[in-house]
Structures are given as structure tokens and as C-alpha cells.
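Notes follow the structure.
Each reported figure results from applying straightforward, stated rules to the coordinates on display, with no laboratory input. Predicted, not measured: the structure shown is a model, and the values here were computed from it. Cβ atoms come from the backbone with ideal geometry, glycine included; neighbour counts cover every protein chain shown.
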């Protein structure tokens, strides 16, 4: 199977290159990048020297249709909305890593992304690729909207308790912490080493575009519509994302009982690992891998559940989950090409 | 006025040295350190070469009484409990930076520190040195228990809304993020560069010893006893501490109204700075200084207040607040010796 | 005395603000910044909230002449060349932190900076402000060209052995390592956190513009003209600069003998600290201060001298040395306003 | 083929686990660790949860002989010297990652490691596993002494110019920069995050134990015995090692000519990549991979060659090269199990 990547010169794009090179069923055929079109990918990313040496091409739907079977869009918000439909029309499998097709309600996109939304019919067609939750819908699909990094960690942490009145859905607070790669390869002052290093800050309070995405999925799973509080923080590290999620328990479950429930809930999900009682994961423990590791704590004094979930934002939060979705679409083993041991230390 | 530091070879101790050297009313007279007694402080901390060159001495209450007027205890938990009363007896002003005298109920100390508590009478005598809140009690006091780093940031963030039914006190969640210096100069695996760097993790869920300290003070201010949920995270940076604190609003205040309230609440507190609407502080913006910067956000959708408060944990969270307390005790300008501009970048 | 800063919104500019605020003889009067003119400095740098709140102004030589006595130029290469002469004409003391007036030979500037040089007569007038070496020339001067960061560390390390045939001048190699703040506050891809973090790289081999500056001063001190090899490396830290300098000894000096010689050479230089035998400095040990710490090693097997010198590039390598130069110009104690203890840890 | 790892709980050991799990010809059979014997490897290294779950065993040569074919020793200096001969005797392939068998002259080991050396006969038998240089000797060998991290980078950088009078062998200076993982998982003060972060320092000047190893190999390749100057620096990053190596050219080669020579020299070495003219590698560009990337610069003004070589110290500088050596021993493709794309960013 042949693959193309649109937005190959960004961080998610270049990670897709790493993962697809490792995938036994995929041949990496086309690398597309508007701003650096005509350049060699290895001149921009010298770590690829001798591994993949390809010229970055301009987007051309006919050319793509002629040369590849699947297209990954690793583009900034507002781009795939226009380009992806051209590929869909030509019968290509499309996996979008941007936020353009995640929100079913176009007004939500307009409100939170401050851009024009995609057409409703396309939003309806896109399958939300949170692999562990939507596996059945993903099988055989041709159009996947890959989840955001924060929603992936938050929702995998929450999913097992969203039903059956386990928690008070109005009490959910997600406190997210992300490495800097989450904001992409963008020459902005806020991403400079000297601004980020040796510092932690909170940003976009009440305004983060992943908020409606998390809420939409909570509502889909629970069957109930609620707003959450979601805060994001920038951490002086390159990769890694941790969500600390709080919710009031409706019943007096112990940590141990909930851990058992989580183990069972994810027993067929090879990329979710539940941590033993009294331990919680570090982002470093999933670095470079597609894992989502989860630890729990019930505070008996406040009857509140704390969920700690970690991912590598560039892998499970972007490129890795995209490849996982392709594996599911094609009926391949979900771990094909993704069986990386995390890099430690 | 002459000062001595017990535990001068730890990170809080060495920061006290920096601050006291800059203080016009203080002469640094004795540096005491048990494990490195007899060594020169500048051989352990070469940054002090040519600035302060002193031999580390063994603790001796009589010697202290003969040579100094004020003693700072920058010792690990369980040490000042035994040493400090000897200095108090001899009429010295004592400022304890450890947790030994913070909890009024000795059982709380036993439960959370897993050590034998100090005597009740001493716990009663110790004035909790959260300077902005307890100024009146601190004036003229001789025995200060300096707050912990997390409690300082959390409580300064919460104090203005703890009264008058502004928030639901049962809904308080404090999500803390701290740099590694918070765990002191201790050769433990968990503090190694390779373990901490490029990672974020949650630790001590439901077990952090600062929990009862925060709760005790919330209860003192609000007049109501409640448990909070408190989670701590280790951030790959040396200095800096940020608390993101969540609480449900009982009334429909706007962010702007609360910001005005905070400005007023802290108008006589030179070290607390309130951030303008729509902005929140980074820990780097207080680095090396005694400031606590606070930003707010009210999410109208969930009627929840988010408070972001940052400090340099080694300054306002330890040595700086200790010096501030001494200034208040002595009736000196609160900023004496502490008017550092944060180091940026 | 009143001071103005041109380029106040860069990293050297904002550090000048910190240092001048701490200086008892200086009132900070004008902050000038072309690109952010009209903005409040504290809105760009929130760490200055409540400390200095001033509007950034446009450069105007007459205005400066009316309001200040001394002007610091913390501008990128190619700017002060045109602006500074206007201030000189109006009788202001001018201290230039850029490279525009460092090289006496205008062709060198053209060759290494790839820009048009300043006029020869101005280059002749500028006093090279390497304070420890040129003190006499600096006293009473009105026009200082402040040294580059690498030259400061390299030359302070080399100066004591440049005369009397101690080393083979043709054998000098300077291997420099710098934190990222050295490249200023510039939204370039190469300065992004994700590009710099967890990496070290060599850059500008054979092309660094500080090369002719180091050579010019070596030649001035030694009386002999030679080329050196100079390599620079980018280190994943914000502040700090270390030069490891190599030279072949002409005579069989021991490390101990040379250390004594260095101690003597710098005995009247309060900002240079010589490390004891068998120890070498870390950049962290001078962080936030104006110190240059130096350690030595003679390898008896190769008869080669290795000099390790460290500075905080933003202080001694820029703003601090500029203030030190002003102190010398005015005959104030060299340490006035600069007696900072390094921040540790 | 079955493998055992002695010292499986250190950083090189745990990296061997990652690499061997990825190796199609190897089954990881025994994990041995003295200090943590009896514990589960995944409880110490939670990143291995669900990937490899094994109990750490005590060293027992008979047990090893019964269960494995090859043993990797990832032990501190002074350990394999005693244990490895027991495995050799029992016919196992032994690959030692420590320094115990690298120096052919036992007195060198005594002088630089300050420990008792291995027996001369064993030192004679050990094949120095610098794969790119000693391939022929490694083929079919049973006892490999794997090079140190600094020697690997320095020697791969130097090897192409050590013959034919290209450089003056007496002029060689190696300026090494290493991440903190190079000093292993050791709870020492010098490895603490707060001591290392935001700092760079030089250490062990004239005393680093890799000095005689580099000299021995230079002498073996060049046929001439010379001392070098070797300085090491600690960089605030976890993985990565860069050597900047200086040497005087005897003939007037251009950078371009030397680059061609290097290309040719390493044309059959898939893990060595030569950088194009005017570019030099960053350690990040080999992170997680077995590559050694090399860039060159000839300074025409000083007729001096500067070589910049980078590796991931835990891979090519330790575990990766060990696996590469096993591949060569067994006649497998050198890249088997090692075809990792570097992780970027």
C-alpha cells in the first residue's frame, strides 16, 4: 500500500515518516509541503539522511490519486478542509490529523477555531478516530478525523467511567500539561527555547479549541450533554502530554475496584496500560511509543476520582494514532509498525 | 542584627545566604550543617567563592545564643522539632522553614509526615508565617513557622475568595506543578537529571504532606472545615511552582469583578501581583524574586473559577518568605533586602 | 545620572533594565525600541509588572540628549553604527553592546558581519570595554564598545598568558559553548525549544563574527598577530557561556604555578574568580552575576594548557559588563549595582 | 539465539533490552542485576510494562551457560573483569560494555581506572569492538570489548585522517560534550537535575579514563604512539554526545576533499553519515539510533581541521554498538534490529 503525507515538513508529518518507514505494509510514496515545496526533506531534517531522501512536492489531488492509496493530512487548522475532499472524491483513504473535521457541529468549529468550518456533510462522514473507543466505526472506513492530543489522553482516561452513573458528569475538570512540540514547528516567540525553558505556564484558559472536542465525545459516550473545565499548561519538554482529570464519584468505589474496571475495559486495547495501585505514569515512560498509560486515585476524604493519563503527543496524540487507525481500517493487527518500546532514559 | 542558618548546606539554606547577604540590616554570622560540619560553604557551593567564605559549624544552642539574634531552620522534616525549642528558650527569634510546626494538630503531623510530632504547646506558639494573610500575628512574634511552597501559592490564590460565600468550599481542587528544587538537595534516584528531564509526572496522590496545611489555613480563613483534593506534579525545571486551583462559584461573578477584588485584597501586599484580564503568569516571570503572581479565569459555561498562581519555590516558597517574615517581625519595610527584579530570560 | 536604553525589548536590553534598577547612581529614564514602539515594556515582559512600567519610545537623539546622560545600545548588528554617532555628537556617554564598533579594521567587519562598517574615525574612537584589561582607557571615556560574550570569556581566560612567551600563540584553540539567549529574542526556527532542547550542536565553523574580535585583542595584548581556531556550540540552556581554550606551553609551568599567576593577574579585579587546583567552574555558578570564573589544567603529557572560563552571557557577556564600564568611566566602585550573588540552584 | 544481560537495571542494560526486543534473531532470556535481584524489571522501569516482564536474577555462570548463547555485560568498571571469564570458559559469546577489557596494557587500567586490571591474557583476547574499524577481527570473535562512548565518537571522527601524514598526530585535541546518561543511573549529587540543568561544566581534566583508550586506538591505526589532550563536558541533556576534534593538517587539503575522503572511507559503513559541506550535525539528529554523523571544517587561515562527530551515547556509544558487534560476529546484516529512524523532534 502506498502512502502520501500532506504537511510532511511539520512535526507530525516528520513523525509519520518515521512510523510509516517502520510499517511493513506501507511504502512511503509522496511527501507534500506547500511552504518548502521543491526542497529535499533530508535537507530540512538531516536526521533522515540516508533513510528517506525525497523531494517535497506541491499538493495535487490527481497526482496523489495516481500514486497513492492513503493520504495523511498533517496540516495546520483550516487547510485539510479544502484539500481533503478532493482526495476523498478520488477514492483515496483520508486520515486527517488536524482539527478540521473533528467537531460535528460547524458552529463549534467557527466559535473555537475562529475559521470557516468544513461542510456539514463532510463533518457527518468523518469517523472520529479515537481507536480504542470507536474501533468498530473505524473498520473499513475511508475518512478518519484523528483526535487531538489533549482529547486522546483525556478521553482514554475518562471513557471507562462515563457510563453507569459512576461519576458526576458536571464535575469533570481536565488539567492538561503538554510539551512544546504540541504547538508545531512554528517560529513564534512563545515557542522559543529562552521563553519556555525553566518555566511552566497556563494558557488559553476557557478558550482551548480541544474543549468542544472532549465535550462532544463525553456526550457521545455518556449520552448526556455537559460542559467541562479544561486548562492547558506548557511544560519545558519537547514531547509528552499528561492529563490530570478530576471527577466526583457518585458511588463509593475504591481505587482498586476502579483499576480492575479499567483493566477490563481496555483488555483488548494493546496500547493502553493501566498502572498498579499507588503508582502513576510519567510521560517519559511512553516516549516515542503509541502507548497511553493510566493511573488512578480515589480520595476517600473527598470522594473524588483523580485520573492521570499520559501519551507521547506526537505519537498516540497524532501520527501514531493515525497509523493505528489505518491498521484498523485495513484489518491489520493494530500494532503493525507501531510496536516501539519507549525510549528510556 | 546577626543571623544564623541551621541546614545551611541545603537549597533553602544556600538561598537564605543569598538573600541575607543582600539584606542591609543583617549580618550573616553562623552557618550550621550537621552532615558537612567542618567544611567550607564555598567548597560545597563554589558560586559563593569570594562572597561568603565560612566554615560550617555543628548546632550548639549556647553558641547560637552567644553569637546571633535570629535563627533560620532550613532543615528536613523532623529536625527543627528538637533543635528549635532550645533556641527559643535562649530568647532567639526562630523562623522554621520545615513542616515541623505548621500543623496545629499533632495527629495530622503523625498521619501525613509519618514522624513524631512536636509538642502541642510549641505548635500552639508557632505563628504561621503566610505573610500576606497573617501580618498582624507576625508583627513582634518570635517564633514563625514558614509555610510550605505549595501552600503559599495555593493559599495566596485562594485567600480572596474563601469568605462571603463566593465559592463552594467543598469543590476546591489544587493542581500543583513544581520544579525539582522543591525536593531539596538529596541524592535520590527520583531527582536524577535523566529521570526528571523531558518528562512530567504526578506523585503522592492523596498523600502529600502539604494537604493538611492547606486545609488548616482554608478552614482558618473561611471558618469552615473541609477537605480538598490536592495533586502534585514534578516539572523538568529547577525553580518555579504553579498552582492551578479550581472552585465552583456560588454567585455569578465575572473574571473582571474578581480581578478587581483581588487587586483590592492585595493592594498593601507588594509581593502579590495580579495579572490583567485574559493573561496568566509563567513561573519564569517570578524567578529569583519573592513575587507571587496571580491570574484568574471564570468559565461562564461551567460557573467555575480557575486561579493560576506562581512563585519561585525557593524564594517566596521558602527563603524569601522567611526573610519577609523577619522584616515584618522587626517592623522593617517588608521588601527590605528582597527587592529583586526577576531574572529574565 | 539618567540612562536610556536603545533596544530595550531584547534580552540584553531587558537585562540592562534589571541591572540599572539595582544601581544606586542611575535613574532609568528612557526605553527605546523600534519594533515595539508605543507598547508598555511590562506588557511584553510581565516580570517587570509593578517594577518598571514605561512606554517604549522611538529613537530620537535630541530627545535623548534632553533627558539622559548615558545611552546603552542593545541593538542587533548594523543599527548602532548609524544611531550612536548622533548621541555622541550631542555629548552623551555611549555604550554599545553590539558588534558595530569592536573591530578596528572596517574590512574585518565587512568580511565577518557581511554588513557595511562604521566609519574608521569612529572605530578609532571607540574604547574596547573589556573592563579587566582596558581599565585605564575606560576611565573617563565617553564611547565604549562593549565586548562580545565569547570574546569576554575567551580573553579573560587567555589574557594572563598572552605575554612573556608563556604559550605558543599560533596554537590557540577556543572551543566555546553558549546558552540560547546568546542569539537574542528572535523568532527563528533554530531558536525553537523543540530544535534546541535535548541536543548540542556546533555552528558557524570558521565563520563566527567573534573570531576577529578575539584575534584583535590577542594581538593587542601580545603584540603579535596570529589567527586562532574558534568553534561555537549551542547548549540547551538559557544563560551561560563556557570557553575551553587550548594552547601549547612554551615553558614547563605547572598548573599550580599558573594558578598563582592568574590570582595575581586578577587580584584587583573583583569579578574574576580563580578556581582552586583540580576544580573547574560550571556556568550555573555565575548565573545572574557579573563574575567570570576560571579554572586551569596543565597536561604534563602533552605540555598543553587548558583554560576553562565561564560567564553569564547576558550579564558579564553583555549588560553587566556595560554597567561595569559605566562604573569605571565615572570612577565609581566597579561593583556598584553589580554585587549580585549567583542564583543557585 | 538466546541472550542474557548482566547489569540489566542500568541505563545501558535497559537500552539493550529495547534493542534486543527489536532484534529478529534474538530471544531475551535472562536479565541479571545484583543490587535489584528478585525484583521485576518492569517495576523498576514501568516503560517496559506489557513489553517485557521478567524477574531480575543473580549472576550464575552455569545458569547462563544452560540458558543463553550470548551475554552482554552492562556493568560498572571492575565487575565484568571477574564475571566475564566464567562465561567465556563455558563457551558463551561475551560482549563487555564496560572499560574492563579495553586497555591492552594493564598498567593503563590501573593508572586511569584506579582499580585492579584484568589478566593480561584476557586483555589480549578481547577484540576492541569499534565496528567500523575492526570489522574483520570482530567477525567470528567470541569476546568483544565494546568501546567507550567518547572513544566511539572521537575515533570515528579521526580514523580517516590517522594515516598517510594527513594530520600532525601530536596536535590532536578532543573536546567532548556528553549528556548526563553517560554517567549511568547513579544517585550521586553531581547527577541531580538541579545541579546539571541550565549549566555546562568541564570535568576530569587530564584524568578521564577514556583518554588511554583513544590514544591506544590512534596508535594502532596510525602506527605511531602519541598523547592527546582530551577534555569532557557535561551538557544538560539526557542522551547525546558530540566530539569536536582539532588537528593540524600537514597538507593543504580543502574541506571538500576531506569530505570526499570520509565518504569513501565509510562507504560500506551504514551507520556513519557524512554531512554536506558547510553543515554539521546536532546530537538530536541521531537520537535513539545507532548513527554516527560527522561534519568537517578546514580553516584555511590556521590550516587546522575541525571534526564534529555525534552519537547517541546510549546506542552507538553503548548498547547499539554492542548489538552491531553481535551482528558482525554472527555474519548477519550489520543493521539487523538496529534500523531505527532517529526520533525527531
Review point. How long are the three semi-axes of the equivalent ellipsoid of segment B:34-189, in whole Å, if each is the root of 5 times an eigenvalue of the C-alpha gyration tensor, listed from largest down?
Key: 31, 21, 16
Review point. Of all DSSP beta bridges in the protein assembly as shown, what percent run antiparallel (nearest 5)?
Key: 50
Review point. Which value results when the Cα radius of gyration for segment D:150-311 is divided by 2.2 N^0.38 Å?
Key: 1.05
Practice item. Normalising by the residue count of segment D:150-311, find the relative contact order in percent from Cα pairs under 8 Å and 6+ residues apart. Key: 30
Practice item. Once you have the Cα-Cα distance between residue D:107 and residue D:277, take 0.36 nm times their residue separation minus that, and quote the gain in nm to one decimal. Key: 57.0 nm
**Study point:** Residue of chain C nearest the C-to-D rotation axis [by Cβ], rounded angstrom distance
**Key:** C:175, 2
Check your understanding: What nm value, rounded to one decimal, do you get for the distance between residue D:136 and residue B:119 when each label is placed 7 Å out toward the C-beta?
Key -> 8.4
**Study point:** Burial ordering of C:96, B:168, fewest other beta-carbon atoms within 10 Å first
**Key:** B:168, C:96
**Study point:** Rounded Å value of the spacing that divides the Cα centres of segment D:3-79 and segment A:147-188
**Key:** 36
Check your understanding: When you look at the Cβ of every residue in A:237-245, what mean number of other chain Cβ atoms sits within 10 Å?
Key -> 6
Review point. What is the Å³ per residue value for the convex hull set by the Cα atoms of segment A:1-115?
Key: 102
Exercise for review: Express as a percent, rounded to the nearest 5, the fraction of DSSP beta bridges in segment B:150-311 (both residues included) that run antiparallel.
Suggested key: 75
Exercise for review: Compute log10 of I(q)/I(0) for chain A with the Debye formula, placing one identical point scatterer on every Cα and leaving out solvent, at q = 0.12, 0.15 Å⁻¹, to two decimals.
Suggested key: -0.83, -1.32
Review point. In deg cm²/dmol, rounded to 500, what helix-only [θ] at 222 nm does chain B give when every DSSP H run of at least 4 residues adds -39500 (n - 2.57) and the total is split over its residues?
Key: -8000 deg cm²/dmol
**Study point:** Length gained when the stretch residue B:257-residue B:332 is fully extended (0.36 nm per residue, less Cα-Cα span)
**Key:** 23.7 nm
Check your understanding: Could you give P(r) for segment B:83-148, binned at 10 Å from zero, as whole percent values over all Cα-Cα pairs?
Key -> 23, 54, 22, 1
Check your understanding: What is the helix-to-structure angle for B:255-265, meaning the angle in degrees between its Cα long axis and the longest Cα principal axis of chain B, kept from 0 to 90 and rounded to the nearest 10?
Key -> 40
Point to revise | Shortest-first nm distances, residue D:60 label point to equivalent points in other copies (7 Å, Cα→Cβ) | key: 5.7, 6.8, 8.8
Point to revise | Residues B:279, C:341 arranged by fewest to most Cβ contacts within 10 Å | key: B:279, C:341
Check your understanding: From the label point of residue B:170, set 7 Å along Cα to the beta carbon, how far off in nm is each other copy's matching point, shortest first?
Key -> 1.3, 8.6, 8.6
Check your understanding: Based on the Cα coordinates of segment C:126-198, what is the per residue volume of their convex hull in Å³?
Key -> 142
Exercise for review: Report relative contact order for chain A in percent, whole number only (criteria: Cα-Cα under 8 Å, sequence separation at least 6).
Suggested key: 17
Review point. Please state the equivalent ellipsoid semi-axes for the protein assembly as shown: what are the square roots of 5 times the Cα gyration tensor eigenvalues, largest first, in whole Å?
Key: 44, 43, 34
Check your understanding: Is segment D:226-287 rounded, prolate or oblate when judged by the Cα gyration tensor, a ≥ b ≥ c being the square roots of its eigenvalues, rounded requiring a/c under 1.5 and prolate requiring a/b larger than b/c?
Key -> oblate
Revision key, fill the gap. With 0.36 nm assigned to each residue of separation and the Cα-Cα distance removed, residue B:219 to residue B:40 gains 60.0 nm
Revision key, fill the gap. With one decimal in nm and the nearest listed first, the spacings from residue A:260 to its own position in the other copies, using label points 7 Å along Cα-to-Cβ, are 5.5, 7.4, 7.8
Study note, to complete from the structure: Neighbour-count ranking for D:215, C:195, B:29, C:263 (other C-beta within 10 angstrom, fewest to most) reads C:263, B:29, D:215, C:195
Review point. To the nearest 0.05, what FRET efficiency results for residue B:226 and residue C:188 with a Förster distance of 41 Å applied to their C-beta separation?
Key: 0.25
**Study point:** Global size of segment B:236-345 as Cα Rg and Dmax, reported in angstrom
**Key:** 15.1, 48
Revision key, fill the gap. Here the relative contact order (percent) of segment C:79-163, from C-alpha pairs under 8 Å and at least 6 apart, is 31
Check your understanding: Comparing B:118, B:66, B:318, which has the greatest mean-square fluctuation in the GNM of chain B with Cα pairs linked when under 10 Å apart?
Key -> B:66
